[in-house]
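The values are calculated or read from the model by the stated rules, or taken from the named source; none is laboratory data. What you are looking at is a predicted structure, and each value in this text was computed from that prediction instead of being measured. Quick reminder, even Gly has a Cβ in these numbers, built from the backbone with ideal geometry, and neighbours come from all protein chains shown. The area values use the complete protein model at the heavy-atom level, side chains included, leaving out ligands, DNA and RNA. Shrake-Rupley method; radii C 1.70, N 1.55, O 1.52, S 1.80 Å.
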Amino acid sequence: MFTFSFTWIAVLAVLGVIGSLLSGMLGIGGAIIKYPMLLYIPPIFGLTAFSAHQVSGIVAVEVFVTSLAGVWAYRKSGFLYKKLIMYMGGGSLAGSLAGSFGSHALSAGAVNIVYGILALIAAVMMLLPRKGADEAKNVPFNKPLATVLAFIVGLASGIVGAGGGFMLVPIMLTILKIPMRTTIATSLAITFISSIGSSIGKVVTHQVDYAPAIILMIVGLIVAPLGARIGKKANVRVLQFLLALMICGTVIKIWSDIL
């Protein structure tokens, strides 16, 4: 239980602005940055620390709202790849439901380790060289492979309360060879679908602290569309570099604490 105060609300609001802005810009739900921020930053300001289970629950429902806001901003862009959304969205939804329902049986340390493994894999994949036209929209992709990969990402993401965008982006870029701008818009839609499963599981298993979640959701609704508009115009190389930098920084922090 958390006591309301100006500092409490202000810290959460600032964390929400940072995470939601990057979420809209980079095509991720924002869990990659919000998970470690919620774990480590509140105690710096003398606030009660969230547990790993609380963070995963808060992030799950917040990502649901943030990713929806981002998708709405991209609805007329032409970069939403509907066929890819259908295949990967279905796989990720099934996986996230299974992962989120099973997560309450895991220890806080186990939840952090799953997050650390996901972030490490994402960091390695973002550093791999890739080829492809950044402005192209719908390109052919391996449908069974896309579905299986989305299920695996959804399973792990359901455990940590993520929509899986930070894993979906490097997978779509490096394995499925989807262009950057199409990846950003499409991954937001897939993340939204995946977050439905994560949110249901976290709510049913009572892992959501609603007060901080509501604050972050309100901020996300306002800021994520702004990030999406910036992402539409930004240089794709800069976007890829920002995502890689963010993931690498998170990997170093989370594994330094785990080890």
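A few notes on this one:
- Among the candidates I222, I215, the residue that is in contact with a Leu (Cβ under 9 Å, 6 or more places away or on another chain) and in a helix (DSSP H, G or I) is uniquely I215.
- In the range 173-193, the qualifying residues are those that are under 14 Å from the mean Cα position of the chain (by Cα) and of a type in the set (S, T, Y), and the one that is nearest to K83 (Cα to Cα) is T186.
- Among the residues of the range 211-225, those identified as open to solvent by 10 Å² or more (accessible area, probe 1.4 Å) and closer than 14 Å to V71 by Cβ are L221, P225.
- Filter pass, P225 being modelled with pLDDT of 85 or more and within 18 Å of the chain's Cα centre (by Cα): no
- Residue match in the range 203-214 (condition: within 18 Å of I32 (Cβ to Cβ) and among the β-branched types (V, I, T)): no
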